[in-house]
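First comes the structure, then the notes that go with it.
The values are calculated or read from the model by the stated rules, or taken from the named source; none is laboratory data. Since we're looking at a predicted model, the values are computed, not measured. Cβ: placed from backbone, ideal geometry, glycine included. Neighbour counts: every protein chain shown. Just so you know, the surface numbers come from the protein's heavy atoms only, side chains and all, with ligands and any DNA or RNA stripped out. Shrake-Rupley method; radii C 1.70, N 1.55, O 1.52, S 1.80 Å.
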Amino acid sequence: MAAPMNPPSPCRSDVMIQAEAVEKWYPNGFQALRGASLTVNRGEVVVIMGPSGSGKSTFIRTFNALEDFQKGSITVDGIALSNDVRNIDAIRREVGMVFQQFNLFPHLTVLENLTLAPVLVRKRPRAEVELQARALLERVGIAEQAEKFPGQLSGGQQQRVAIARALCMEPRVLLFDEPTSSLDPEMVREVLDVIQALAADDITMVVVTHEVRFARQVAHRVVLMDQGEVVEEAEPETFFTAPRHERTQRFLEQIL
Amino acid sequence: MRKRSAPSPIAFAAAAASPLKRLQRQLAPSAADALLSLGLVALILWAALQLLGWAMGRADWAVVQLNSMLLLVGRYPLAEQWRLWLLALLLALQAGLSWGLLRAWPRADRREQARLWPRHDRIAGLLLALLALLLPFALHLAGPLQWRWWLLAAVLLAGRWAAGRWGQQLPRRALKLVAVLWPLLYLLGFWLIGGGLGLAAVSPGDWGGLLLTLLMASFAMALSFPLGVLLALGRRSSLPLLRWGSVAYIEFIRGAPLITLLFVGQNILGFLLPGGASPDRIWRAAWVLTLFAAAYLAEAVRSGLAAVPPGQLEAARSLGLSQPQSMVLVVIPQALRVALPAMVGQFIALLQDTTLLSLIGLLDLLGTARGIMANPEFLGHSSELYLVLAVLYWGCCASLGLGSRALERRLDPRSVASRR
Amino acid sequence: MNGTPWWRDRRVLPWLLQAGVGLAVLVVVAWLMTNLVRNLSAAGLLLSWRWLGQPAGFDLSETLLPFNASMSYGRALLAGLLNTLRVIVFALVGSSLLGLLVGMAAFSRNGLLRGLARVYVELVRNVPLLLQLLFWYFVVFLALPDGAAALGWPALVLAKSGLYIAGFADGRWQLPQLLASGWQAPVHLSVEFAALLTGLITYIGAFIAEVVRGGIASVPAGQWEAASSLGLHGAAILRHIVLPQALRVIVPGLTNQYISLAKASSLALACGFTDLYSVAETTLNQTGRAVEVVLVLLAAYLAIDLLISAAMNGLNRLVQVRER
Ligand SMILES: Nc1ncnc2c1ncn2[C@@H]1O[C@H](COP(=O)(O)OP(=O)(O)OP(=O)(O)O)[C@@H](O)[C@H]1O
Ligand SMILES: [Mg+2]
C-alpha cells in the first residue's frame, strides 16, 4: 500500500504513527504546534488530553493531512507524510477520523454514508460493501436505522454511524477528536462503549477526550498536550495518580 | 392603523370564533378599519366591474384569435408545425409524469403516506381542466387548435394520474430517471424544432413568439447553471487568481444593465471573431443571456455553498474522497438545496428578461405582439394583447415559483447539515 | 520530505492550476483583442474619441441641459445621463415610499389590506417590467384625454400632453390652469417621463415591499409584546420600536433594489423617454462607433452603481451603529 518512493520503514512491524518535532503555523502566523512528538504503536489506544487551545485537534488532524505542517516529520504505517498528493491520498485511505460534530452527510441515508467511500475510493463492489456496512451498523447497535437520514437520528446514534462510516473504509488507524463533547450526557456512554469495544479488537486509536473514566479503562497510554507540545506521556494509572510534570498536575486539578 | 407581527393572538382568537365573528375580526377590528375595508371593497368591486365590462364588451378579441399561431410560434413554417405539436405532446406527458412522481414521493417532512390527489393538486388539476375547456371558447380559437389544446391538457392530466397511481411502486432509483429524461427530451426538442438529420431544417430566424421566448429562456437556464456553479466555486476558492477572476466577472456583469450587454452582443461580438464569422443574431443573444444569467446564478449558489459547514468537506476528504469527488458528491448537492429558492428566483427573472430581446429586434413573444400592434389593421387593440401576454408571463413565472416551493418542501430541510 | 516530483506536490499544484487557467484566459482574451483590432482597422473604426466633439444632428425631446441638434455627441450623451439620473432619483424616492407602505400593510390587522398587498406584490413581480412599461405608456398614459376633458384635481392634472402639478412660481402658489394653448402649471412632466416613473415605481416598489416585510418579520415577536406591555400602541410601536430594528435587515436589501432600479431605468426607451441608453443607441446608429459607445455606457452605469453602493454603505453604517 505504501507509495513506491518510500522505502518501508524499519519499524513497520510495530510503530503505526511516528510524529517527530512537528511545528505548524496557521496562515495568520499563529504557531499552533511547537515541536510536538508522539509515537503510537500498532494496536495501541492513546488518549490525548490538554487544555482548550493547546493544539490537540491540530495535532491529530496533521496525522491524516487535514492540516499541513511546516517542520518535523510524520510517518503513518511506514508512509512518510509529504507534500506528494498521491501519498496524502494513500494516508487518508488508511486513517479514519471521527469528528466532534459527527459530520455525517445529511443528504445521504445512513447506509449511503457508509458505502460512499469504499465504493468510490476502494473501488469495491457495492453489494459486498452494503453487506459489510449492515454488519458494522449491527455492531454499533443501529442496524434498523440503515435507511434513515442522519437528521432523523439522535446525537449518540449519529456519532455511532460516524464511527461505522470510518470503519467501513477498513482503516489501520482511527482518530477521534472529542467524539462525545457535543452529546447530551445520557448519550455519552453509548458512544464510549462502542469505542471501548473497538479497542478490544486491536485497532490502533488516537482519542482526544476529556473523559477520565474512559481514559483509565481503555487507554494504553495518556498524553498531555499544552501550548503545542506533548508535555507528558504515561500509563493511565501513573498519569492520573502520579504525574511527573507540574503542568499535568495543574491540568488534572482543574478537571478532576 | 394597528399592526402586529405575524402569528398574533388575534389570529388565534379569530380561528375559534364563528365565521361571522371571524369576518368581522378580519375586516373590521376597529371602526377605522371598517371604513377602510368598505372603501377597499368598493374599489375592488369597481375595478372588477370595469375590467369585466371591458373584457365582455369593448374588448375585441379578434386580434388574439387571428394571431394566435403567430404569438405561439412566430413564422414557423406551417408544413412543419406538426413537429412542435409532437414536442408539446411529449412535454405535456413528461410534465404530468414528473408532477405525479413528485407526489408519489413521500414528503420528507411528514410521516404520513403520500395521497393520490392532495387538495392542492385537485385544485390545480381542476383549474387546468377548466382553463383547457374554457380558454379555446373564450378566445374563439380555430377548430384544430381547439382540440389539440384539449389533447395536451388531457395527456398532462393522464400522465399525472398514472404516475401518481403507480409511481409509489417504483424503486427510489427509478425516480432519478425523471431527472435524466428532461435533458434528453430537451435535446430531442432542439432537433424537432431546428430540423436536420432527416428533418427539414428550420432556421432560427423563423422561430418566434412564445416558442422563441421559451427556447431562449430554457437554453440560458440550462447553460448558465453549470457556469454559475463554476463561478461560485471560483469565488470561494482559496486560489487568488481564480477568486479574483470570478469576482471580476460576476461584478462586471452585475454592474451593467442587460440591455447594454445585449447591445454589446449585437454590435461588438462580430468584431471579436475572425473575419466577421459571427453566429446568427438569435444565438448571439442567447449566449449573452446565458453569460448574464450565470453571474446572478453564481451569487445564489455562493450563498448555498456558504451554508454548508466546512466539516462536510473535511469528513469527505478524510474518507479518502478526492477534492472533486467531495465537491460533487457531498458539498454541491447540499449547497444547491439551500440555494434552490434563490436560484428559481433568478430563473424567473431570466424568463422575464427575455422580453428585452424585443428591444434588439428579435421576435420573441413580446416582439411578435409589438409587431402585431404596429399593424394598422389591429390599431387600438393593444390592451387585449397586453392582457394576454401578462397572463402568459404571469402563469409561467408563478408556476415556476409554485413548483420550486413544492420541491423545497419535498427536500427535507434536515437534509442539509446545520451549523452548531 | 523531499523526493516528491513537483507535479504531485500539493504546494505546487494550486499554482499550476492557476497558471493554466490564467494562461487559457490570457490566450483567449489576446485572440479576441487581435481580432477586434484587425476588424476595427479594416472597418476604419480604430478607437478614437474625436467624434464626441462633432455635432450630433439629432434633437432630444426633454432635457435638463439645453440641447439642440447642432451641439456635440458628447453633450447629447451628457444630457442623456442627466435624464437617467433624474429618473433614478424620482423613482428611488417613489418606490421607497410605496414599498414601505405596502410592506407595512402586510402586517395590518385588516385582512383585506393584507390580502391586497399580497396580490399587488405577486402580480407585479411575475410580469416582466418591459411589458409593464409598455402598458403604462401606450395603454394608460397615451389614452389620457386632453384639454378640458383631462383628469385631475386642482393640484394635479393628468392629460395626454403630460402631468401638471401645482407648485410655487413667481413667488406664489399656483394651480394648473387651462389656457388657450393648453394646460399650464409650475411643474410639468412629459407623459413619457410619467409613464416610465409609474412603471418603475410600481415594479421596484413591489420588491422593496418584500424587503420591508422581511425586515419587519425579522424583529422578534417579543419586541411587540414588550412594547405593548409598556402601553405603546400599534403605530407607535411600529415607528419607535420595530422599524428601527428592522432597518438593520432592510437597508442591505434596499441597496440591491436601488441598484436594480438604476439598471432597470435603461428600459426608458420603451416609454419613448430619452435616457442615456437611448441616446447611446442613436449615437451608435449615426457614428458606427460601437466600442466607444459601449465603453461610455458601461462606465456610466458602473459609476452609478458605485455611487449608490457607497451612499447606501454610509447609511448602513449609520443604521448598524445606532443599534448598539
Ligand atoms: N484556522 C485557524 N487559524 C488560526 N488559528 C487557529 C486555527 N485553528 C485553530 N487555531 C488556533 O490554534 C490553537 C490550537 O487549536 P486547536 O483547535 O488545535 O486546540 P484544541 O486543543 O483542539 O482545543 P479545544 O479543546 O478547544 O478543541 C488555538 O489557539 C486556536 O486558536
Ligand atoms: Mg479541538
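Computed values, structure above
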read-out	value
Partners for C:Lys160 among aspartates and glutamates (Cα-Cα distance below 15 Å; same-chain residues under 8 apart left out)	C:Asp146, C:Glu192
Rounded to the nearest 20 debye, dipole of chain C from Cβ charges on Lys, Arg, Asp, Glu	940 debye
Sites A:Arg126 and B:Gln169 - FRET efficiency at Förster radius 22 Å, r taken between beta-carbons, to 0.05	0.45
Semi-axes of the equivalent ellipsoid for the protein assembly as shown, Cα gyration tensor, largest first, Å	60, 35, 32
For region C:82-134, accessible area per residue (1.4 Å probe, heavy atoms of protein chains only), Å²	35 Å²
Label-reachable residues, region A:165-201, where backbone N falls under 18 Å from a point 7 Å from A:His220's Cα toward its Cβ	A:171-176, A:195-201
Hz values of 3J(HN,Hα) by residue in region C:86-97 - Karplus curve (6.51, -1.76, 1.60), Gly and Pro given as x	4, 4, 4, 4, 4, 5, 5, 5, x, 5, 5, 5
Estimated buried accessible area (total), pair C and A, 1.4 Å, Å² to nearest 100	900 Å²
Probe 1.4 Å, protein heavy atoms only - accessible area per residue of region C:1-71 in square angstrom	69 Å²
Label-point separation, B:Leu45 to C:Ala30 (7 Å along Cα→Cβ), nm	7.7 nm
Sum of -39500 (n - 2.57) over DSSP H runs of 4+, divided by residues of chain A (222 nm, nearest 500)	-11000 deg cm²/dmol
Average Cα contact separation per residue, chain B, under 8 Å, 6 or more apart, as relative contact order %	20 percent
Solvent-accessible area lost in complex, 20 Å² minimum, residues of region B:303-324 relative to chain alone, 1.4 Å	B:Gly311, B:Gln312, B:Glu314, B:Ala315, B:Arg317, B:Ser318, B:Leu319, B:Gly320, B:Leu321
Share antiparallel - DSSP beta bridges, the protein assembly as shown, percent rounded to 5	70 percent
Sulfur and carbon atoms: percent of accessible area, chain B [1.4 Å]	71 percent
Portion, in percent, of the accessible area of region A:8-154 that falls on carbon or sulfur, probe 1.4 Å	52 percent
Alpha-carbon centroids, region A:98-156 and region A:40-58: separation in whole Å	26 Å
Total accessible area lost when B and C pair, probe 1.4 Å, Å² to nearest 100	5300 Å²
Mean separation of Cα contacts under 8 Å (6+ apart) over length of region A:17-116, as relative contact order %	26 percent
Calculated [θ] (222 nm, deg cm²/dmol) that DSSP helices of n ≥ 4 give over chain C, each run adding -39,500 (n - 2.57)	-20000 deg cm²/dmol
Region C:153-211-region B:322-363 distance, computed between alpha-carbon centres (Å)	40 Å
Loss of accessible area when B meets A, both sides summed, Å² nearest 100, probe 1.4 Å	2100 Å²
Accessible area of chain B divided out per residue, in Å², using a probe of 1.4 angstrom	50 Å²
Accessible area of chain C belonging to carbon and sulfur atoms, whole % at 1.4 Å probe	68 percent
Buried on assembly, region C:90-115 (at least 10 Å² less accessible surface than by itself, 1.4 Å probe)	C:Met104, C:Phe107, C:Ser108, C:Arg109, C:Asn110, C:Gly111, C:Leu112, C:Leu113, C:Arg114
Delta accessible area of at least 50 Å² on complex formation, residues of region C:277-296, 1.4 Å probe, chain isolated as reference	C:Tyr277, C:Val294
Area of A:Glu67 that stays accessible when all protein chains are in place (1.4 Å probe, Å², to 10)	30 Å²
Normalised contact order of chain C, rounded percent, pairs of Cα under 8 Å and 6 or more residues apart	19 percent
